[in-house]
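Input: a single structure, listed below in structure tokens.
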Amino acid sequence: MSFSADIHCQAAELLLASKKVLIFTHQRPDGDALGSSFGLKYFLEHNGIKAEVFIPGSIPHRHTKLFSGFFSRISAEELSTFDTFAAVDCANPARLGVPDFLTIDALRQSRFINIDHHGGNSMESGFFNLVSPDSSSCCELLVDILTCAGKEIPEKCAQFFMTGMMTDTGCFRFSNTKAHTLRTAALLLEAGAQLEPIVNAVFFSKPVTQMRFENELMQNHLKFASEGKIAYAVIPDELTEKHNFNIKEDEGLIDLLREIDGVIIAVLLYHGPGGIKISMRSKDSRFPVGPVARAFNGGGHELAAGATFEGTAEEAEKALIAKLSDLFA
């Protein structure tokens, strides 16, 4: 691992020295964001520390069976009762899901702990930062932190942390799965985590409406570039409306493109708050999408990244595919 045990232990000590912790994560949370948030919440509560998770809006359908009980609204008065704020699995301030009245500058001036595994993290807490790009997931990093404190990981927490690790590694299929990742997974299994409920809830509970949406997307909107090395789709609003598909449920959607033989980079583009949302995945470390995302003021990992393009879908498609095609020039 890139960090010594000292900084992991320091993070654990700071968390365990808190009285009441409010946990934030990125908007439109995925399995790792949710697993990190709820795993940390219940770990702290197991050790006598009050903790809550704040998530503006709802969580994706596939995660509703696993995660519940969070704040979607909070007043300034309620916010003042927390002595510590923790952000998990969030690479930049623009993606952090916080109450409308709370600015990132005000958050940075508080007892704010930033824990993440994305390279290029720009949260920059004024209090404490632990960013470990070598970790497969924020959940794996949190297990390192909490075991450093010499505390047991309760079964409920183990289940949450395992969910995050499985979703961010694609059930331990992706290149971010290292030997340490598998040892951490074994530790969680020994603590009581069960794989079957996670697999069934996250990977085998797709609504029929989503399957119909995916079928039409692949039939009518799939495109290729760079001699088939790039597969991409621009998702029109009318398609999501036709199938009543919530774009927040798109976790895993990009895998339909990534699974195509010969494809190295998969891309989805769709309308979202602030512009055209771009989601990218690469199957080959020689062709990373992280730098491309950062060129569009986005971020993420080297092989899984995203950005928001201020312009039309046509402009986003043209600019992005040109940039990605340069990787194969």
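For first residues located in the range 290-308 and closer than 16 Å to Asp116 by Cβ, partners that are aromatic (Phe, Trp, Tyr) and in a strand (DSSP E or B) and lie 6+ apart or on another chain with Cβ distances below 9 Å form the pairs Gly298/Phe309.
Among the residues of the range 45-68, which ones are at pLDDT below 95, in contact with a helix residue (DSSP H, G or I) (Cβ under 8 Å, 6 or more places away or on another chain) and more than 24 Å from His118 (Cβ to Cβ)? Of everything in the range 45-68, those that are at pLDDT below 95, in contact with a helix residue (DSSP H, G or I) (Cβ under 8 Å, 6 or more places away or on another chain) and more than 24 Å from His118 (Cβ to Cβ) turn out to be His61, Lys65. Each residue in the range 97-145 was checked for being assigned to a strand (DSSP E or B), in contact (Cβ under 8 Å) with a residue 60 or more places away in the chain and open to solvent by 10 Å² or more (accessible area, probe 1.4 Å), and 1 pass. The C-beta contact set for the range 216-229 (first residue of a type in the set (Gly, Ala, Ser), second residue loosely packed, with under 13 Cβ neighbours inside 10 Å, distance under 7 angstrom, 6+ apart or interchain) comprises Gly228/Gly262.
For the range 265-314, taking the residues that are out of contact with any His (no Cβ under 8 Å at 6 or more places or on another chain) and charged (D, E, K, R), the one that is surrounded by the fewest Cβ atoms within 10 Å (Cβ to Cβ) is identified as Arg286. State whether the residues of the range 274-283 include one that is without any contact (Cβ under 8 Å) to a residue 40 or more places away in the chain, under 24 Å from the mean Cα position of the chain (by Cα) and over 18 Å from Ala316 (Cα atoms). Yes, the range 274-283 has at least one match. Among residues of the range 166-181 that are free of Cβ contacts under 8 Å to residues at least 24 places away in the same chain, those with a beta-carbon under 9 Å from a residue that is in a helix (DSSP H, G or I) and among the aliphatic types (A, V, I, L, M) at least six positions away or on a different chain give the pairs Phe172/Met165; Phe172/Met166; Phe172/Leu182; Phe172/Ala185.
Scanning the range 238-263 for residues that are out of contact with any strand residue (DSSP E or B) (no Cβ under 6 Å at 6 or more places or on another chain), closer than 28 Å to Leu327 by Cα and crowded, with 17+ Cβ neighbours inside 10 Å turns up Asp250, Glu251, Gly252, Leu253, Leu256. Is one or more of the residues making up the range 3-25 within 13 Å of the chain's Cα centre (by Cα) and open to solvent by less than 20 Å² (accessible area, probe 1.4 Å)? Yes, the range 3-25 contains a residue that is within 13 Å of the chain's Cα centre (by Cα) and open to solvent by less than 20 Å² (accessible area, probe 1.4 Å). Among the criteria (1) under 28 Å from Phe203 (Cα atoms); (2) assigned to a loop (DSSP other than H, G, I, E, B); (3) not aliphatic (A, V, I, L, M), the one Thr167 does not fulfil is (2).
Listed by position, the helices (runs of 4 or more DSSP H) enclosed by the range 176-222 that each have at least 3 residues that are surrounded by fewer than 14 Cβ atoms within 10 Å (Cβ to Cβ) are 179-190, 208-220. Of the listed requirements (1) in a loop (DSSP other than H, G, I, E, B); (2) at pLDDT 95 or above, Tyr232 misses just one: (1). Picking from residues in the range 77-112 that are modelled with pLDDT under 95 and of a type in the set (Lys, Arg), the one that is farthest from Pro56 (Cα to Cα) is Arg108.
Residue check: Leu257 meets all listed conditions (1) touching a residue at least 40 places away in the same chain (Cβ under 8 Å); (2) part of a helix (DSSP H, G or I) but one, namely (1).
The values are calculated or read from the model by the stated rules, or taken from the named source; none is laboratory data. It should be emphasised that the depicted structure is a prediction, and the values quoted were computed from it without experimental measurement. Every residue, glycine among them, receives a Cβ derived from its backbone with ideal geometry; neighbour counts consider all protein chains shown. SASA here: full protein model, heavy atoms, side chains in, ligands and nucleic acids out. Shrake-Rupley method; radii C 1.70, N 1.55, O 1.52, S 1.80 Å.
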